[in-house]
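Undergrad: Once you've had a glance at the structure underneath, I'll fire off some questions.
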Amino acid sequence: MPKSKGLIRSLNRRGTRANMSPPVARLTKALKEPAICETCGSVYTHKTWRRGRRMTGELLETASFTVCPACKEQKTTGLCYGKVLVSGAYANANGDAIVRRIENIAKRAAFTQPERRIVSVGWEGKTLEVLTTSQKLAHRIARELKKAFGGRTTYAWSDRDGTLSATWRKEGARAS
């Protein structure tokens with residue numbers, strides 16, 4: 001059977017990364033499946049960590065208990081791959097609403113991918129600083145803040161360590 005053009009092209013892709021797993025997953029060793037995180041209860045099956053999976057008797061009998069990469073590497077050491085800075089008069093006047101929106105975004109992301117979490121949320125003077133465990137979550141937070149409240153968003157990726165620094169800013173104290 002001759003190869004189709006799509007298959008030929010897919011076999012000849014120079015410069016692409018074969019391992020598309022997140023940086024945290026590449027830092028940890030391979031686990032025996034199924035595995036259950038002792039800290040957060042996430043279940044590792046089919047090479048992914050998921051929350052909210054049903055625990056059958058068979059799963060519990062064969063499962064090994066460990067600590068997931070998010071709990072081990074990022075929560076305990078404070079390692080972060082994303083940073084969101086929220087500033088402006090609007091952020092200072094409506095800080096509670098912004099923090100609630102950030103928590104909702106993180107909760108939604110953690111449902112499907114437990115490795116994506118918020119490490120810390122805190123005010124540094126008049127700027128709200130949000131540290132996340134993944135670039136994608138930081139990007140999503142900045143994008144969702146712009147979508148919900150307006151304002152201006154900028155992104156800066158670091159070539160050195162692969163982190164994302166996102167900034168969301170809105171002037172004016174009232175909602176538009």
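The values are calculated or read from the model by the stated rules, or taken from the named source; none is laboratory data. None of these values were measured; they are calculated from a predicted model. FYI the Cβ positions are ideal-geometry reconstructions off the backbone, even for glycines, and counts take in every protein chain you see.
Conditions tested, residue by residue: (1) aromatic (Phe, Trp, Tyr); (2) over 30 Å from residue 45 (Cα atoms); (3) touching a residue at least 24 places away in the same chain (Cβ under 8 Å); (4) touching a Ser or Thr at 6+ places or on another chain (Cβ under 9 Å).
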{"site": "66", "(1), (2), (3), (4)": "no, no, yes, no"}
{"site": "81", "(1), (2), (3), (4)": "yes, no, yes, yes"}
{"site": "105", "(1), (2), (3), (4)": "no, no, yes, no"}
{"site": "123", "(1), (2), (3), (4)": "yes, yes, yes, no"}
{"site": "134", "(1), (2), (3), (4)": "no, no, yes, no"}
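Undergrad: Counting only residues that are more than 12 Å from the chain's Cα centre (by Cα) and part of a helix (DSSP H, G or I), which one in the range 70-83 is modelled with the highest pLDDT?
TA: Selected residue: 71.
Undergrad: Related question: Within the group 48, 56, 66, which residue is outside the structural domain of residue 113 (by TED's automatic domain parsing) and either modelled with pLDDT of 85 or more or aromatic (Phe, Trp, Tyr) (or both)?
TA: On the way: 48 fails: either modelled with pLDDT of 85 or more or aromatic (Phe, Trp, Tyr) (or both); 56 fails: either modelled with pLDDT of 85 or more or aromatic (Phe, Trp, Tyr) (or both).
66 is the lone residue from the list that is outside the structural domain of residue 113 (by TED's automatic domain parsing) and either modelled with pLDDT of 85 or more or aromatic (Phe, Trp, Tyr) (or both).
Undergrad: Now a separate question. Looking at (1) assigned by TED's automatic domain parsing to the domain that holds residue 165; (2) at pLDDT below 85, which one does residue 87 not meet, given that it meets all the others?
TA: (2)
Undergrad: Here's another thing I want to ask about it. State which residue is farthest from the chain's Cα centre (by Cα) when the search covers only the range 154-176 and only residues that are over 19 Å from residue 104 (Cα atoms) and β-branched (Val, Ile, Thr).
TA: Ranking the candidates gives 154 first.
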